[in-house]
Structure formats: structure tokens, C-alpha cells
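What follows draws every value from the coordinates through simple rules; no lab data is involved. No experiment lies behind these values; they were computed from the predicted model shown. Virtual Cβ from ideal backbone geometry, glycine too; neighbours counted across all protein chains shown.
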Amino acid sequence: MTLPDDAPLPLAGEPGERPRWWIYRGTGERLRDTTLGDLLPPPPPWRRFGGGPVLAPPPADDEETVRRLGAHPSMRRPSAFARREAEMVNSALLLRRPLLVSGRPGTGKSSLAYRISRELRLGRVLRWHITSRSTLQRGLYEYDAIGRVHDTAALRAAAGDGPAASPETPGQRADDAPAVGNYIQLGPLGTALLPYAEPRVLLIDELDKSDLDLANDLLSVFEEGSFPIPELLRARRRHPSVKVMTYDPEGEAEITGGTVTCRAFPIIVITSNSEREFPPAFLRRCLVLHMPEPDESDLADMLAAHFGAETAEQWGGELISRFLERSRERGGLSIDQLLNSLYLATSSDRAEDESGDLLRLAETLWHRLDSTGRVPGAR
């Protein structure tokens, strides 16, 4: 049975239930008695990568997940967009391709990465927040050459040998300098490309804030699933395997031969506020999902996830109605503004008959988020 695009997402067991090829269901319910590795079929031949040795699973980060998604379990309600979202996430999983999520600021695009990680039990999300100064190099790794020079000089001075010019000086003894791995830290993209048995979830947030070249620079890494570290390549004869720091807290990984190669291509969620166009070559290598404006039921689910069903039911109805009305009037508001207003409305000990005053106070947070650049109330 084929469902039309605007059909509601059916529940499991009903006619037209979710396709069997879906792994990510988009319901908020975590995998039980199985893992993604057990469910995920082999990649297409052109997307197979052979990195190794396989690393231990990443750490969990329940605190960050709760901060992003809420502490109260909330089953997402079936909708046409929920079906579309699940289709695109599962397509990205099977094809081992990045997912580009576009939409207006404040519509919850980055939350998708955390929902995927929580539902598929993939551990800590690696987040790379993009700015105008972000480069591919920093996303992959950073090398503290100056710190190594200073430490080398200090070691030589302590040994009575005098200062050293550089740990890379030709003819210098290899044991004059501290281990190079102590001065290399992988960035979020570099950590995601380590050889894990199951894919890491990488959030590349607000790519349209980047320099114009970054999207093109990412193409090679997305295609090859690997990248070299020149500082380790130069030393690979003396040190074929080197331990470096990763982007995870207290994390480290062993790099062999000076090159990082993934085994399971990461689940990459790239967000865009639709502020600029990307090169066609970049778009061809991504799957694209447009995040629509959240409706009343979406907002009710979010409030229930963060505040609990009882609080959301007591306060959410009128607050959501007002929020949607103001959002239409003021050119689109952010979900964060709704969360902040409900917290403000429920954090007071005043009597219930003052609830109207509290709601009006909450509305003061709902300033417009358009591109005029003007502070609300400014002349």
C-alpha cells in the first residue's frame, strides 16, 4: 500500500505501517534488544571504507541529550512530516550520505541529530558549530606546534643541553622532543571519521555561516571517508602508530600510518538557515530535508518533553495559541522563546488567578527574529 505525501504516519501494526527497511522510526523510542550494527545492511560498494583497528564505542552524554530534547519521554505524534523526516534519515543511513537540513532559525533543525543518536543508541553527538572563521583543517584536527617547541626547549634546558630551535629541526635527535601525539587533537569531523564499528553522529551546525570555500573543501572528505595528518606522516617510519587526543572528553585514539580512515561512515546532519546557496557539487553529495514550521501538536510534544505532560497540558494550550499567533504576526519566532516563556510562567509561586499576568509577562520574550537587525523597541 502506497501512502500519499500528505497522509498521516500510521502506527506499527496498522495498514500502511512504516516500511520494513526503516531503521530509524522517528518515534523517540530507543532500540531495544538490538543495535544499529545488527540492523544496518552493508553499504553500497562505492561507500565502503576499511579503517581500523575498530575503536570502542563512544561515551554517552545523557546530560546534553536531556538539555536538547527534554527529560520526559515523549512519543512523537504521527504526521506527514514525521514520515518524510524518517524516510530521509533512513536513506542517509543506508546510502552513507550526509543529510542537509534547511529551514528557518529556531525550528529545531539541530535537535534531529540528538533524536537520531538517542533512538539508535549511538552515544555522544559530535557538534561542530560553524562560524565565518571555521576551516576544514580545524574540523579535522589541530596541531599545537608552538606548545611542542616550548616543551622541547624546557626539556632540553632541564637536561642542561640549552635551548632547542624546533622539534622539527633537521638532524635533531628524535628523543629531544615530546611525543607528537600529545600535541594533536582531532576535531569533531576528525573524530567522527575514526574507525568505529557503528557510525558516530556528527552535527555540522549552521554551515551557511562559513566561508564560501568550506562546503567545497568538505567534498573530498565526504567522498574518501579519510584524511591524512601530515605531522604524523612525516614521523611514520619512526612511529608507525601514534596516540592522539579526540574531541570526546578524555578521549584518545591510535592513528596508524598517519592517516585516519573510517569504518562506518558517520551520520552527518548539516543544518542551514537557508541564508545562502551551496555549490551544486556539494548538494549532489547530500540528501536534503527542509524543516517546516512546527505546528500546534509539535509544540505540545516539545513542551511535554521538557516540562512533563501535566504542566504542558495545564499551561501549553493557551500559551501555544498565543505563540503561534505572535509568530505569524512577527515573522517567525523560535522554539527556545516558547520554552523560555513557559519556564517563566511556571516558575512563580503566585496564585493561579494571576496566570493571565504571567502569560502576558511571558509574551515579552517574543521579539521578532527577522533580518532587520533592529533591537526590539529601538528607534
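Please give the contour-minus-distance gain from ASP38 to GLU275: 0.36 nm per residue of separation, less the Cα-Cα distance, rounded to one decimal in nm. Please list the in-between numbers first.
Working: separation 237, 0.36 × 237 = 85.32 nm, distance 3.91 nm.
Full extension from ASP38 to GLU275 adds 81.4 nm.
As a footprinting exposure proxy, order GLU223, GLU119, GLU63 by other Cβ within 10 Å, with the fewest listed first.
GLU63, GLU223, GLU119
Can you put SER272, SER347, SER134 in order, fewest other beta carbons within 10 Å first?
Least to most surrounded, the residues fall as SER347, SER134, SER272.
Simple spin-label estimate for GLU250 and LEU219 gives 4.3 nm between the two label positions (7 Å along the Cα-to-Cβ direction from each Cα).
Expected output is a single nm value to one decimal: the length gained when fully extending between SER321 and ALA145, i.e. 0.36 nm times separation in residues minus the C-alpha distance. What is it?
Gain on stretching SER321 to ALA145: 57.8 nm.
For an R0 of 35 angstrom, estimate the FRET efficiency from the Cβ-Cβ distance between ALA154 and GLU293 and round to the nearest 0.05. My answer for the efficiency is 0.05.
Database remark: amide H of HIS129 closer than 5 angstrom to the amide H of ASP205 (H placed geometrically; neighbours at sequence offset of 5 or more, or on other chains; Pro and chain starts carry no H). By the beta-carbon count within 10 Å of each Cβ, the least crowded to most crowded order of LYS209, LYS109, fewest first, is LYS209, LYS109.
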